[in-house]
Ligand code: RIB
Ligand code: CA
């Protein structure tokens with residue numbers, strides 16, 4: 001089978017961590033590099049988490065440190081959401097290896113030039129690295145096969161009333177990416193909210209309690225405790241759905257829309273404006289995910305647990 005070469009640009013982050021091990025395990029994915037960026041936490045912590053995950057699961061890929069937003073003051077996520085180190089209850093051994101000598105923009109550039117026209121970028125973080133890449137090396141735009149991103153929303157927000165966190169953190173970067181002409185698959189909060197993972201589903205998924213099952217449970221603060229029960233409404237594992245979409249795009253239903261990003265709104269800064277009714281008569285630039293086949297998603301998690309042991 002021809003494997004899909006993937007670079008994962010991420011800000012681990014507990015859901016990034018699950019997404020990363022899913023693509024690492026997937027038999028049809030050839031993970032080429034992990035480029036990290038400031039997002040859930042500052043760029044040093046997201047890089048540290050990325051390197052520790054890559055080493056713990058023996059990924060043998062370069063891991064790089066990334067950037068902070070340029071046009072907007074960086075604001076990390078509230079640490080109560082993912083825990084102080086951003087990895088839930090998971091604590092991994094300190095990495096023995098080192099980061100790539102290249103920063104994330106340079107590593108993206110290097111790996112894309114090695115496989116022009118083939119690389120699918122799985123972006124599960126603010127799009128700062130990718131926007132900088134396109135600004136510093138505009139010629140790579142036509143060398144990127146596609147970008148599958150977790151970010152944005154057709155309706156609503158998960159960080160402000162109208163914005164999703166990854167886009168809000170660096171809306172100018174997101175605008176550059178959406179306007180780049182690169183084929184984009186957008187997994188927004190809409191499809192994530194429609195794919196909650198309930199406690200009893202975790203009970204079944206993580207029953208084997210091997211190293212990987214335990215790691216995933218720790219990431220998700222599972223099993224719950226009195227202080228922090230698994231929410232009744234279920235868990236929303238944002239980035240894992242984007243990983244599922246890069247492993248098998250048919251897991252989602254898609255609609256093709258024109259999408260742009262608000263960068264001047266006082267209270268709508270970072271909103272992804274999805275032209276569902278084609279009012280603007282602009283050529284659609286984004287495939288937006290609407291529904292996810294939850295059983296297929298769970299099967300990918302089971303496969304990851306079995307494969308990585
Ligand atoms: O809005 C969800 C996104 O914000 C995910 O990528 C999660 O990791 C956080 O960064
Ligand atoms: Ca993320």
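Things worth noting here:
- Residue within the range 204-211 that is closer than 27 Å to residue 166 by Cα and touching a helix residue (DSSP H, G or I) at 6+ places or on another chain (Cβ under 8 Å) present: no
- So residue 15, is it at pLDDT 95 or above, within 13 Å of ligand 2 (Cβ to nearest atom) and closer than 23 Å to residue 176 by Cβ: no
- Which numbered condition residue 282 misses (of (1) closer than 21 Å to residue 183 by Cα; (2) not in a loop (DSSP other than H, G, I, E, B)): (2)
- Taken over the range 223-271, residues that are within 16 Å of ligand 2 (Cβ to nearest atom) and outside any loop (DSSP other than H, G, I, E, B) amount to 10.
- Residues satisfying the stated conditions in the range 21-31, i.e. crowded, with 24+ Cβ neighbours inside 10 Å and in contact with a strand residue (DSSP E or B) (Cβ under 6 Å, 6 or more places away or on another chain): 23
- The listed residue being buried (at least 20 other Cβ atoms within 10 Å of the Cβ) and within 20 Å of residue 57 (Cα to Cα), out of 212, 286, 272: 212
- Residues (more than 12 Å from residue 64 (Cα to Cα) and either at pLDDT below 95 or surrounded by 21 or more Cβ atoms within 10 Å (Cβ to Cβ) (or both)) located in the range 33-44: 39, 40, 41
- Residue, nearest to ligand 1 (Cβ to nearest atom), within the range 163-177, restricted to residues that are farther than 13 Å from residue 259 by Cβ and not in a helix (DSSP H, G or I): 163
- Some residue of the range 220-234 being in contact (Cβ under 8 Å) with a residue 40 or more places away in the chain, over 21 Å from residue 182 (Cβ atoms), crowded, with 18+ Cβ neighbours inside 10 Å and touching a helix residue (DSSP H, G or I) at 6+ places or on another chain (Cβ under 6 Å): no
- Counting the residues of the range 72-101 that are within 14 Å of ligand 1 (Cβ to nearest atom), over 17 Å from residue 51 (Cβ atoms) and either modelled with pLDDT of 95 or more or part of a loop (DSSP other than H, G, I, E, B) (or both) gives 7.
The values are calculated or read from the model by the stated rules, or taken from the named source; none is laboratory data. This is a predicted model, so every value here is computed, not measured. Don't worry about glycine lacking a Cβ; one is built from the backbone with ideal geometry, like all the others, and counts go over all protein chains shown.
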